[in-house]
1. By the gyration tensor of its Cα atoms, with a ≥ b ≥ c the square roots of the eigenvalues, what is the shape of the stretch 333-418: rounded for a/c under 1.5, prolate for a/b over b/c, or oblate?
2. In what sequence, highest mean first, do 325-331, 379-385 appear when ranked by Cβ atoms within 10 angstrom?
3. To the nearest 0.05, what FRET efficiency results for residue 322 and residue 372 with a Förster distance of 51 Å applied to their C-beta separation?
4. At what distance in angstrom do the alpha carbon centres of the stretch 362-384 and the stretch 141-183 lie from each other?
5. How would you classify the stretch 43-153 from its alpha-carbon gyration tensor, with a ≥ b ≥ c the square roots of the eigenvalues: rounded for a/c under 1.5, else prolate if a/b is greater than b/c, otherwise oblate?
6. For the stretch 102-211, which trypsin sites (Lys or Arg not before Pro) are in a loop by DSSP, counting at most 16 other Cβ atoms within 10 Å?
7. Using only the Cα atoms of the stretch 267-416, build the gyration tensor, take square roots of its eigenvalues as a ≥ b ≥ c, and label the shape rounded, prolate or oblate: rounded if a/c is under 1.5, else prolate if a/b is larger than b/c, else oblate.
8. Can you list residues from other chains, or at least 5 along the same chain, whose modelled amide H is less than 5 Å from the amide H of residue 35?
Amino acid sequence: MKKNKLYSISLLLTVAVFLLTSCKRELDVAPIATYDGKATHTIAQLLEYHPLTAGFTYDTLPKGIVIQGIVISSDKEGNCYKYITIDDGTAGVQIKINSTSLYMNYPVGQRVFVNCDGLVLGDYGMLPQLGWWENDGMVGINSNVLYKYIFKDGAPGQVPEPIEITSAYQIQENMYNRLVRIKDCHFKYPGQKFAETTSSGTSNDIVIEGGGEIVLYTSRYADFASQMTPEGTFDIVAILSRFRTTNQLTLRFLSDISTPVVPTVPTEIVVCNMDLSQNPLENGWINKTTSGSSWEYMSGTAMRIVGTAGSNDSWLISPVINATNYDNLKMSFTHRSLNGTANRQVYYSTTYTGGDINESEWHSLNVNDFTTSFTTYNYNLPAELLSATNLRFAFRYNDNTNSTWLLSSYKVSSIVEQ
């Protein structure tokens with residue numbers, strides 16, 4: 001009986017120790033730190049203490065200024081070098097820190113409070129910066145004293161929604177040091193390195209389809225520096241910065257460039273053309289002359305007509321085309337006209353099958369560029385002509401002077417998107 005009693009006491013002690021151990025483990029989990037102060041100024045109010053100039057200047061700050069903001073930058077891929085950028089919804093500011101791998105302590109989305117006592121507000125080429133001023137320039141805060149200035153508050157959360165920009169002309173003063181999303185843009189010169197190792201950084205021009213251009217500036221320390229800029233249209237999320245009057249973008253991650261949409265390369269299908277390696281009049285072309293000179297073949301060069309004194313009326317008519325086989329058609333020809341241009345016309349017909357020209361209906365293309373040098377004319381067929389099964393074009397020389405008209409090329413083609 002005594003033995004059973006001792007066994008029960010031992011069991012109760014074991015359970016108690018287990019429960020106490022479990023409670024201790026729960027208490028060992030550190031609570032999320034919360035800053036117990038508050039901001040005295042917005043970032044927009046802070047920036048008023050340093051009017052920007054074209055030079056590199058700074059201003060000391062009054063005592064007691066505290067700001068807060070969300071970290072929007074990251075040096076995880078090496079591009080935001082030795083600084084963090086914060087945004088509080090009113091404006092953004094860059095905080096220079098003499099350290100790397102800052103993303104480990106200040107990840108994107110981390111709220112921080114910044115005690116500005118002992119810091120100065122300056123700029124690098126009109127981009128506002130917080131830090132120290134030494135040797136006529138802004139320098140980073142030493143990492144061993146960061147605890148005096150920057151205080152994390154809670155766990156990382158959501159970052160501010162990027163400001164959407166569809167044109168370079170939309171950029172305003174309060175957008176610098178903030179996240180922006182540039183819509184529908186492309187690299188002006190794709191296939192170049194993001195950054196060369198021979199310089200501190202490299203600029204790549206980006207064209208915004210809504211208007212204007214902007215520079216993407218990439219540090220040589222970026223992990224993706226040696227990769228090539230992509231071809232195609234994309235959206236890009238980046239930190240908006242500037243150097244004096246040049247607006248710039250800074251990538252945090254290469255993935256902030258959306259997958260580019262590579263433009264399709266249209267394929268041209270030639271439906272009919274004038275093969276001048278042989279006489280077109282022997283390969284489907286028709287010459288109808290009612291008076292004066294006729295069209296003639298200049299071997300390997302052109303079809304030509306040279307008028308004589310008196311009345312000349314001669315038609316050069318193309319082979320027939322069945323337009324119903326195509327979704328779109330374009331006709332083009334290259335020609336040259338000498339000694340007068342008033343009496344040359346280009347027509348199309350959907351009813352001519354041969355024989356008397358006057359028995360068919362002809363529609364003028366209103367070609368006006370009759371020049372003494374070779375000129376190419378392009379005509380996109382209207383949709384209603386795509387139902388024609390008997391489409392022809394005609395070049396009419398109708399003149400009473402001694403002049404010349406040459407036709408060096410003729411082509412009907414269909415453009416197909418791949």
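1. Working: a/c = 2.54, a/b = 1.30, b/c = 1.96.
It is oblate, given that a/c is not under 1.5 and a/b is not larger than b/c.
2. Details: 325-331: 16.4, 379-385: 13.0.
So the order, starting with the most tightly packed, is 325-331, 379-385.
3. On the way: r = 36 Å, r/R0 = 0.71.
About 0.90, to the nearest 0.05.
4. A separation of 56 Å, based on Cα centres.
5. On the way: a/c = 1.44, a/b = 1.28, b/c = 1.12.
The shape class here is rounded.
6. On the way: sites: 111, 148, 152, 178, 181, 183, 188, 193; in loops: 188.
Answer by residue number: 188.
7. Working: a/c = 1.69, a/b = 1.46, b/c = 1.16.
It is prolate, given that a/c is not under 1.5 and a/b is the larger ratio.
8. The list, which skips near neighbours in sequence, is 154.
Read-outs: derived from the displayed coordinates by stated rules, not from any lab. What you see is a predicted model, and the numbers here were worked out from it, not measured in a lab. Note that we place each Cβ from the backbone using ideal geometry, even for glycine, and neighbour counts take in every protein chain shown.
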